[in-house]
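As structure tokens, the structure follows; a few thoughts come after it.
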Ligand SMILES: Cc1cc2nc3c(=O)[nH]c(=O)nc-3n(C[C@H](O)[C@H](O)[C@H](O)COP(=O)(O)OP(=O)(O)OC[C@H]3O[C@@H](n4cnc5c(N)ncnc54)[C@H](O)[C@@H]3O)c2cc1C
């Protein structure tokens, strides 16, 4: 089996396959010099499937026993743990657990078929199955998307509260949609500050937003030496045609963002990537391209059905709320008890959770909400 793309989804899948099928001829192909790129992946404990707990522990996440949100008129702190894993940890684990003949770095695929991969140098690798885990590469055909985009800078600075992550602080001018700052004390002396926007368009002026991050850090007394910078433009799923995104006759199995496996409202995918890696490695063999294409597309269709409620909320967020009023939707959401919030982020709200999320005084105009709800 060949997995093309050693980012989050491809690397986790390779780790699970290598553990459960030590005799499977496996090759993980990554274009970059290391696995995982330049990311910090954050997640709640409740996002991690039980079967993947050992794998996550091996990634040695930074862990905060509590986290906090701030909106004007609402501040809440939750005794619910939040965690972060850096790409270096994923890179180190892949190198430790895969044999050197099971991966190739600095190897870019120029062509991918269900049973063969051609590398840019012209080499062709044949396999019983090739999985496409090449991650996001621009617009996703057939899908109506909003965007969560951000720039983050890690500063050498003393964290005022090293045991608490601020996952949303929206007490800021609301520019380019819903805007908030995210503050993660990665250690007592290192703090990640991110300026984030839920916007209609994917354009991100990295230099401009990096300047705002520096201002936000300075205002909080955190603007020390800059250690690293990251940015992201993540898709938020509003609607669309799943069959256009992933036609039924597509013979290529997919994982990760390539397969639409992301949380529809946050664009995050750490929990889903773990879930899919565990499910894939638990499939009865032998693996071949047709079986994996069928499995992965069916899994995407299930994910599409399970995200119906999230698409509805996203329509409220992007179609019913004025961009500079979107913060009200999040503030309203954060009135809920912690267990309901946790199930929402884990992508598993109960019917009662859904009813509670939609109840109460609507944070958007009623007419606009109804128009957003009846759109598909
Ligand atoms: C900066 C940033 C921070 C994020 N933070 C979080 C977070 O906190 N929590 C969370 O859950 N999600 C987060 N996300 C969202 C999401 O989890 C990530 O985007 C995630 O990495 C997506 O996983 P993936 O495997 O689909 O794609 P990627 O991780 O991007 O992996 C794709 C890989 O394929 C490789 N590749 C591409 N083309 C080729 C080719 N032709 N040949 C060989 N290799 C190829 C790339 O080099 C890359 O390594 C973040 C995203 C970004 C960009």
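Only the coordinates and a few stated rules stand behind these numbers; no lab work does. Because the structure is predicted, anything quoted here is derived from the model rather than measured. In this analysis, Cβ positions are derived from the backbone assuming ideal geometry, glycine residues included, and neighbour counts consider all displayed protein chains.
For residue 31, are the conditions met, namely being within 8 Å of the ligand (Cβ to nearest atom), under 29 Å from residue 343 (Cα atoms) and touching a strand residue (DSSP E or B) at 6+ places or on another chain (Cβ under 8 Å)? No, not satisfied. In this structure, does residue 24 turn out to be in contact (Cβ under 8 Å) with a residue 12 or more places away in the chain, assigned to a loop (DSSP other than H, G, I, E, B) and away from the ligand (no atom under 13 Å from the Cβ)? The answer is yes for residue 24. Filtering region 208-232 to residues that are exposed (fewer than 15 other Cβ atoms within 10 Å of the Cβ), more than 16 Å from the ligand (Cβ to nearest atom) and under 24 Å from the mean Cα position of the chain (by Cα) leaves only 208. Quick one: would you say residue 315 is more than 30 Å from residue 127 (Cα to Cα) and not in a loop (DSSP other than H, G, I, E, B)? It is true that residue 315 is more than 30 Å from residue 127 (Cα to Cα) and not in a loop (DSSP other than H, G, I, E, B).
For region 83-102, the set of residues classified as in a helix (DSSP H, G or I) and surrounded by fewer than 20 Cβ atoms within 10 Å (Cβ to Cβ) consists of 88, 89, 92, 95, 96, 97, 100, 101, 102, listed by residue number. Exactly one residue out of 235, 247, 286 is more than 13 Å from the ligand (Cβ to nearest atom) and in contact (Cβ under 8 Å) with a residue 40 or more places away in the chain, and it is 286.
Taken together, 89, 96 contain a single residue that is more than 25 Å from residue 289 (Cβ to Cβ), more than 12 Å from the ligand (Cβ to nearest atom) and more than 18 Å from the chain's Cα centre (by Cα), which is 96.
Residues in region 161-188 that are in a strand (DSSP E or B) and touching a helix residue (DSSP H, G or I) at 6+ places or on another chain (Cβ under 8 Å): 168, 178, 179, 180, 181. Taking region 99-136 as the range and being touching a helix residue (DSSP H, G or I) at 6+ places or on another chain (Cβ under 8 Å) and within 12 Å of the ligand (Cβ to nearest atom) as the test, the residues that pass are 103, 130, 131, 132, 133, 134, 135, 136.
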